[in-house]
Structures are given as structure tokens and as C-alpha cells.
Amino acid sequence: MDEDMNASELLVNIAEENQTRKILELLNESQDLEEAKKKVKDLLEK
């Protein structure tokens, strides 16, 4: 059971890290704050 919890926690951590990386990529590609906000909003609406 403890092994399953660790695997689940690892998957959650990886998903959160990937989401953070994607948001950072969107921010770096944006020309300004408004464009960055729109890109992040669009990502969350998918």
C-alpha cells in the first residue's frame, strides 16, 4: 500500500512540474504580460 502511495505522489509531482515548465515556456515566449496571461488562460481552458 505504501508503495502505491509513493507512486501516486510521484505521478502528481511530475504532473505539477510539467505544468510549471509549460507555463514558464509560455511566459518566455510572450511579448508582454497581457499576452502571457492570455496564453496561460487558454492553456487552463483546454
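Charges on Cβ only, +1 for Lys and Arg, -1 for Asp and Glu, centred on the Cα centroid of the chain; of Ser30, Leu11, Leu43, which one is farthest towards the dipole's positive end?
Ser30
Solvent-accessible area per residue for the chain at a 1.4 Å probe radius, Å²? Numbers along the way, then the final one.
Values: 4260 Å² over 46 residues.
Value returned for the chain: 93 Å² of accessible area per residue.
So what does the Cα-only Debye profile of the chain read at q = 0.25, 0.31 Å⁻¹, as log10 I(q)/I(0), no solvent term?
Those come out to -0.83, -1.03, one per q.
Relative to the present Cα-Cα distance, how much length would full extension add between Asp32 and Asn13 at 0.36 nm per residue of separation?
On the way: separation 19, 0.36 × 19 = 6.84 nm, distance 2.92 nm.
Contour length minus Cα-Cα distance gives 3.9 nm.
Calculate what fraction, in whole %, of the accessible area of the chain sits on carbon and sulfur atoms when a 1.4 Å probe is rolled over the protein chains. Please report the intermediate quantities before stating the final value.
On the way: 2350 of 4260 Å².
Accessible surface attributable to carbon and sulfur in the chain totals 55 percent.
The values are calculated or read from the model by the stated rules, or taken from the named source; none is laboratory data. Computed from a predicted model, the values in this text were never measured in an experiment. For neighbour counting, all protein chains shown are included, and Cβ atoms are generated from backbone atoms with ideal geometry for every residue, glycine included. Accessible surface areas use protein heavy atoms only, side chains included; no ligands, DNA or RNA. Shrake-Rupley method; radii C 1.70, N 1.55, O 1.52, S 1.80 Å.
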